[in-house]
Structures are given as C-alpha cells and as structure tokens.
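Undergrad: First the structure, then my questions, so here it is.
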Amino acid sequence: MTAAQPHTAKLIDGKAFALGLRGRVAESVARLKLDHDLTPGLAVVLVGEDPASAVYVRSKHKATVETGMASFEHKLPETTSQEELLSLIHQLNTDPAVHGILVQLPLPKQIDSHAVINAIDPDKDVDGFHVVNVGRLAAGIDGAMVPCTPLGSLMLLKDVHGSLAGMNAVVIGRSNIVGKPMAHLLLQESCTVTIAHSRTRDLPAVVRGADIVVAAVGRPEMVKGDWLKPGATVIDVGINRIAPATPEGKARLVGDVDFAEAVQVAGAITPVPGGVGPMTIACLLRNTVVAACASNGLPAPANLAL
Ligand code: GUN
C-alpha cells in the first residue's frame with residue numbers, strides 16, 4: 001500500500017485570468033474604435049512623490065496604453081492645494097476624451113480625500129469610491145462602478161464556482177476599498193455573508209464556517225490552516241512585504257493567509273503574488289471601457305460582463 005498523497009488546493013491563477021481579461025478589454029477597445037470611432041480614455045492623477053504610488057501609476061499608464069486606450073497622466077507636486085486638485089477634477093469631469101478618472105491614494109495631508117473623490121463625476125469614477133457608487137452597489141442598482149480589487153476577487157470566485165448562491169462567505173476586513181464592497185458583491189451573488197474584523201470574537205471559529213474566505217486585513221499570514229473548513233475557497237487580498245532576515249537576503253511578499261498551511265486544507269486558493277494583485281489593474285481597464293460605453297449610450301461589451 002502506498003501512503004495517501006497530501007492534499008493540495010487548486011491554485012487560482014489570477015495572473016493568467018487577468019491577462020485574459022486584459023485581452024478582452026483590448027478586443028472591446030478595438031471594436032469601439034472601429035464601430036463607433038470611440039477611444040476610451042483614463043486619467044490618472046498622482047499628487048506628490050510617494051514611491052509606491054509612482055510605481056502603481058506607471059503600471060496603470062502602461063497597461064492602459066497596451067490595451068489601445070488613451071492614458072492621461074497628471075502629476076502634481078506634494079504642495080498642491082485642495083482647490084488646485086479640485087480644479088483639475090472639474091476639468092477632467094467635463095473633458096469628453098476622459099471616461100475614467102482615478103486619483104491615486106493616499107493624498108498629502110493638506111487635502112481632504114473624501115472631498116476629492118466625491119468631486120469626481122460618479123459615471124467617471126472607475127475606482128468606485130464615490131458615495132453615489134457606494135450607494136448604487138449597496139442598493140443593487142445597475143450601473144454601479146465597483147471597486148477594482150473586490151471586483152477582481154469576485155471574478156476569480158465565479159470562475160472557480162460558477163454560482164455562489166447559498167455559500168457561506170466570510171470577509172475579513174471592513175475597509176471601504178475592499179471589505180465592505182466585497183461583502184455587498186457576495187450578498188448580491190446570494191451568499192450568506194459575514195464581515196469579520198479586528199474586534200470579532202473567536203475569528204478562527206467564524207472562519208471555520210466559511211465556504212469562501214476573503215482575507216483583506218493587511219496582517220501577514222494571519223489566517224492559519226486550521227482556521228479553514230476543508231475544501232474552502234480562499235481569496236487572499238493581502239500584499240505584505242516581509243523584510244529580509246539578513247542584509248543580503250531578499251524581501252518576501254506574503255498574503256494575509258498562511259499559504260503553506262492553507263494550501264493543505266483549502267479546496268482552492270489564490271497565491272501571493274500572482275493571485276488577486278494582477279486582477280486590480282485589469283478591472284480598472286475593464287471599468288474604463290464600461291464607463292466609456294455608458295457615456296456614449298452603448299451597452300457594456302458582453303465579454304466584459306461579470
Ligand atoms: N492606492 C492603493 N490602492 C488604490 C486603489 O485601488 N485606488 C486608488 N485610487 N488608490 C489606491
């Protein structure tokens with residue numbers, strides 16, 4: 001007799017899925033140019049010199065251009081006033097070549113982020129952070145712009161399961177960018193949804209009841225293997241940089257889930273890196289095409305549907 005093989009979860013390849021989505025975005029862009037003389041355009045605004053933000057903005061620009069869309073970059077100094085930033089937002093709101101506006105966060109402290117986000121035309125708010133889009137999503141109204149990271153996570157879940165109806169989903173983290181919109185999306189898919197957070201009592205027991213776990217807390221390797229129901233699907237939104245143990249060593253990226261443990265219990269799991277991360281930009285591009293269609297009275301392309 002041979003010993004039973006250790007269980008290994010299916011790896012959810014977000015990198016491959018994102019590549020496919022970007023390909024579908026590029027096809028839609030080509031069709032819109034050909035059939036409607038419409039080039040979707042995305043404006044990205046970066047205020048200040050934060051190095052991580054600068055990297056994100058560069059990646060967004062490159063990805064936008066690669067799909068055939070127009071990319072408008074606006075880099076403003078760290079000392080920009082709120083009035084100056086609001087004036088740029090108003091200009092972008094009225095520019096017919098701009099269909100999506102993204103203001104990279106965080107903003108310098110003299111600027112009120114809420115005021116800036118809520119000054120964006122909700123129909124150009126491709127981040128889905130404007131209160132109108134938050135409300136549309138919560139109310140289940142068509143046409144909500146949905147935040148990119150939860151949207152990408154949902155696409156991966158639907159790719160694994162098809163219907164999510166009736167499943168128990170636990171979202172760990174209650175941020176406006178991930179946790180709350182993720183919970184609304186899962187509710188819309190007819191999951192039974194729990195939002196857990198730093199004050200939740202006996203988190204491992206709560207997570208053990210979940211068919212779907214979405215971890216978005218920003219705490220490295222917090223979710224352990226014995227917290228999981230065997231066969232659960234795990235979406236790890238965390239991206240945590242672990243400093244090298246020695247000066248010669250390399251920094252390591254880990255998620256909010258202890259991958260080495262979880263992979264032995266879960267049914268399917270996203271790796272970090274290569275899971276949810278690549279989906280975020282792909283969904284930003286997707287949202288921009290959908291916004292461009294809506295502003296021209298066209299239906300969203302079928303190949304970009306959820
Ligand atoms: N900074 C970190 N993540 C995000 C995001 O999803 N959108 C914006 N605008 N800024 C961010």
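The values are calculated or read from the model by the stated rules, or taken from the named source; none is laboratory data. Model, not experiment: these values are computed from the prediction. For neighbour counting, all protein chains shown are included, and Cβ atoms are generated from backbone atoms with ideal geometry for every residue, glycine included.
Undergrad: If you take the residues in region 128-149 that are touching a residue at least 60 places away in the same chain (Cβ under 8 Å) and buried (at least 19 other Cβ atoms within 10 Å of the Cβ), which one is farthest from ILE117 (Cα to Cα)?
TA: The residue in question is THR149.
Undergrad: Looking only at region 210-255, which residues are loosely packed, with under 14 Cβ neighbours inside 10 Å and β-branched (Val, Ile, Thr)?
TA: Residues of region 210-255 loosely packed, with under 14 Cβ neighbours inside 10 Å: 226, 230-231, 241-252.
Scanning region 210-255 gives ILE242, THR246.
Undergrad: Related question: Can you find a residue that is away from the ligand (no atom under 12 Å from the Cβ) and part of a loop (DSSP other than H, G, I, E, B) anywhere in region 50-66?
TA: no
Undergrad: Can I ask one more? Can you pull out the residues in region 222-247 that are charged (D, E, K, R) and under 20 Å from the mean Cα position of the chain (by Cα)?
TA: Result: ASP236, ARG241.
Undergrad: Might you check whether a residue that is touching a Leu at 6+ places or on another chain (Cβ under 8 Å) and more than 16 Å from the ligand (Cβ to nearest atom) occurs anywhere in region 121-137?
TA: No: zero hits.
Undergrad: For VAL272, which of the numbered conditions (1) under 30 Å from PRO96 (Cβ atoms); (2) part of a loop (DSSP other than H, G, I, E, B); (3) under 17 Å from the mean Cα position of the chain (by Cα); (4) among the hydrophobic types (A, V, I, L, M, F, W, C) fails to hold?
TA: So the condition that VAL272 fails would be (1).
Undergrad: Six or more apart or on different chains, Cβ atoms under 9 Å: show the pairs whose first residue is in region 273-298 and closer than 15 Å to LYS62 by Cβ and whose second is of a type in the set (S, T, N, Q) and at pLDDT 95 or above.
TA: THR280/THR149; ILE281/SER59; ILE281/THR64; LEU284/THR64; LEU285/THR64; LEU285/THR67; THR288/THR64; THR288/THR67
Undergrad: For region 186-205, does any single residue satisfy the condition of being crowded, with 23+ Cβ neighbours inside 10 Å and either among the hydroxyl-bearing types (Ser, Thr, Tyr) or assigned to a helix (DSSP H, G or I) (or both)?
TA: Checking region 186-205: at least one residue is crowded, with 23+ Cβ neighbours inside 10 Å and either among the hydroxyl-bearing types (Ser, Thr, Tyr) or assigned to a helix (DSSP H, G or I) (or both).
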